[in-house]
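The values are calculated or read from the model by the stated rules, or taken from the named source; none is laboratory data. In this text the structure is predicted, and so the values were computed from the model without any measurement. Positions of Cβ are generated from backbone atoms using ideal geometry, with glycine treated the same way; all protein chains shown enter the neighbour counts. We work out accessible area using only protein heavy atoms, side chains counted, and drop any ligands, DNA or RNA first. Shrake-Rupley method; radii C 1.70, N 1.55, O 1.52, S 1.80 Å.
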Amino acid sequence: MDHFIYKDGALHAEDVPIAEIAAAVGTPFYVYSTATLLRHYRMLDEALEGTDHLVCYAMKAASNQAILKTLAQAGAGMDVVSGGEYMRAKAAGVPGDKIVFSGIGKTADEIRLALKGGIRQFNVESEPEMEVLNRVACEVGVTAPITIRVNPDVDAKTHAKIATGKSENKFGIPIARAREVYAMAGAMEHLDVIGIDVHIGSQLTDLAPFELAYQKVAELTEILRADGHNIRRLDLGGGLGIPYARSNEAPPLPTDYGALVKRTVGHLGCEIEIEPGRLIAGNAGCMISEVIYVKSGEGRNFLILDGAMNDLIRPAMYEAHHDIIPVIEPAPGTEQAPIDIVGPVCESGDTFAKQRMMPPVAAGELVAFRSAGAYGAVMSSEYNTRPLIPEVLVHGDQYAVIRARPTFDEMINRDTIPPWL
Ligand code: LLP
């Protein structure tokens, strides 16, 4: 459920008409609903009720500071994957002891930054990383709390580009080698081994792979404890999927996921962390775009929008589906016809949908891409020297621009010309 709904024949974000925002900020733009962000965060938080837990929002999904602040004020921690994300979380007011640092390629500089600024834990992914972390912690004069990310060799049954839990993926250490690597970590003076981390992939629409992975983590917890490690925290990753095609998808409910967590690892007495990104932000955001032209081609028609693959790359990159709806509500019984929905960028990959059934939409009218809150704005680029599109946050009947559209001058003046030219 989200807060983008038709009222009096016009799409609203909470109590604000989308057309009103479009008139003020221009198109295309991203718009987020505070109520949906908070609803999704709370659903997950409540699903884990009865356990000692922290929901660490995977801020890579949507990292505007206004979004981070909204979630942090509700109690969320953050999962960061770069020095930049760490600084952004801190700038949004998230305390270091609620920030976990994930990722396979943390540099010594990034590690130093987090150790000095305060960190809840590092999710370590390899032996060389462990060595660097131990050395930098020694330099800084602290002990670094760590979990080790294990790769459970579980098929997440999701798109190949976002599956991470199979042995052929670059993530984590093979679970079969866990004892050896934990022993190494345990012997390092500046590391405090506190737990286990696992993340098997993103947009999972079936709970079975989670169940398999968490069972393996539970077994490993007992084994490592028997080896003398004080395993007291389990980071279970993110990955819970959302319905992109609302008419025919029903991914698992957070309550069922919560029950699964309790069933598989609840008996271990560990503190639980999860790292959801998409489930919190995905359906809390839409991309709004205007139709520039309706073009008739040979045997098919094209809806040419002012939004493009550089603004929302998921369809081009993952063949992802986004529901696309007109901002003016179609009258009941309006006939639909197939049409290709494309952006203006000069490559055929700049196609959002092929032969999508749509009610008639004319040039100058607005459409909304649903479920674009996660991995939308954060993955956008200025390809074709198209400005990064603005982000807007709605809260009840108020809205605010939370990232403004740069001017052409601002974009162009970022280049510097070498002295010989
Ligand atoms: N934790 C770790 C270690 C991750 O790598 C990820 C996502 C998450 C948590 C959050 O996963 P989520 O709950 O959002 O599924 N750009 C792709 C998704 C990439 C996901 C990368 N890792 C997309 O647009 O579908």
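Sites counted here are GluC sites (Glu not before Pro) in a DSSP loop (not H, G, I, E or B) having no more than 14 other Cβ atoms within 10 Å; the longest part of the chain that contains none of them is 50-167.
Relative contact order, whole percent, for the stretch 103-274 stands at 20, derived from Cα pairs under 8 Å and 6 or more residues apart. Here the Karplus relation 6.51 cos²θ - 1.76 cosθ + 1.60, evaluated at θ = phi - 60°, turns the backbone of the stretch 154-163 into coupling constants of 10, 7, 7, 6, 10, 4, 3, 6, 10, 8 Hz, with x for every Gly and Pro. From the Kirkwood radius over Cα pairs of the stretch 169-249, Stokes-Einstein at 4 °C and 1.567 mPa s returns a whole-number translational diffusion coefficient of 90 µm²/s.
Stretched out straight at 0.36 nm per residue, the stretch from residue 8 to residue 400 would grow longer than its current Cα-Cα span by 138.8 nm. Considering only the Cα atoms of the stretch 103-274, their convex hull presents on average a projected area of 10.2 nm². Decide, for the stretch 66-119, between rounded, prolate and oblate: order the square roots of the alpha carbon gyration tensor eigenvalues as a ≥ b ≥ c, take rounded if a/c falls under 1.5, and otherwise choose prolate if a/b is larger than b/c, else oblate. Cα axes put the stretch 66-119 in the prolate bin. The calculated FRET efficiency for residue 157 paired with residue 421, based on their beta-carbon distance and R0 = 60 Å, is about 0.70.
Computing the accessible area with a 1.4 Å probe over protein heavy atoms, can you report the carbon and sulfur percentage for the chain? Accessible surface attributable to carbon and sulfur in the chain totals 53 percent. Comparing mean-square fluctuations of 403, 177, 42 from a GNM of the chain with C-alpha springs under 10 Å, the top value falls on 177. Computed from backbone phi with θ = phi - 60° and the Karplus coefficients 6.51, -1.76 and 1.60, the 3J(HN,Hα) list for the stretch 341-351 is 10, 10, x, x, 5, 7, 7, 5, x, 7, 10 Hz; x is used for glycine and proline. The amide H of residue 54, built 1.01 Å from its N in the peptide plane, has 272, 273, 274 as neighbours under 5 Å, considering only residues 5 or more places off or on other chains. Tell me, what is the FRET efficiency for residue 112 and residue 300 to the nearest 0.05, using R0 = 41 angstrom and their Cβ-Cβ distance as r? E between residue 112 and residue 300, to the nearest 0.05, is 0.15.
Close amide H pairs (under 5 Å, H built 1.01 Å from N) link residue 29 with 288, residues at least 5 positions away or on another chain.
Pairs with C-alpha atoms separated by more than 19 Å, drawn from the list 161/262; 90/116; 295/354; 106/166, are 161/262; 106/166.
Database remark: amide H of residue 191 closer than 5 angstrom to the amide H of 144 (H placed geometrically; neighbours at sequence offset of 5 or more, or on other chains; Pro and chain starts carry no H). A Förster radius of 60 Å combined with the Cβ-Cβ distance from residue 351 to residue 91 puts the calculated FRET efficiency at roughly 0.95. Computed from label points 7 Å out along Cα-Cβ, the spacing between residue 414 and residue 52 is 4.4 nm. Largest first, the three principal axis extents of the alpha carbons in the stretch 146-187 are 38, 18, 12 Å in whole numbers. Couplings for the stretch 174-183, taken from phi via the Karplus curve 6.51 cos²θ - 1.76 cosθ + 1.60 with θ = phi - 60°, read x, 4, 5, 9, 4, 4, 4, 6, 5, 4 Hz in order; Gly and Pro are left as x. Could you tell me whether the stretch 294-419 comes out rounded, prolate or oblate from its Cα gyration tensor? Rule is a ≥ b ≥ c as square roots of the eigenvalues, rounded for a/c under 1.5, then prolate if a/b exceeds b/c, otherwise oblate. In terms of gyration-tensor shape, oblate. Protein heavy-atom accessible surface, 1.4 Å probe, per residue over the chain: 42 Å².
How much of the DSSP bridge set in the chain is antiparallel, in percent, rounded to the nearest 5? Working shown, then result.
On the way: 34 of 70 bridges.
The antiparallel fraction comes to roughly 50 percent.
Estimated purely from DSSP H runs of n ≥ 4, each contributing -39500 (n - 2.57), the mean residue ellipticity at 222 nm for the chain is -8000 deg cm²/dmol once divided by its residues. In terms of its C-alpha gyration tensor, the stretch 295-342 has an oblate overall shape, because the principal axis ratio a/c (a ≥ b ≥ c, square roots of the eigenvalues) is not below 1.5 and a/b does not outweigh b/c. Rounded to the nearest 20 debye, the dipole size of the stretch 103-274 about its Cα centre is 280 debye, using +1 on the Cβ of Lys and Arg and -1 on the Cβ of Asp and Glu.
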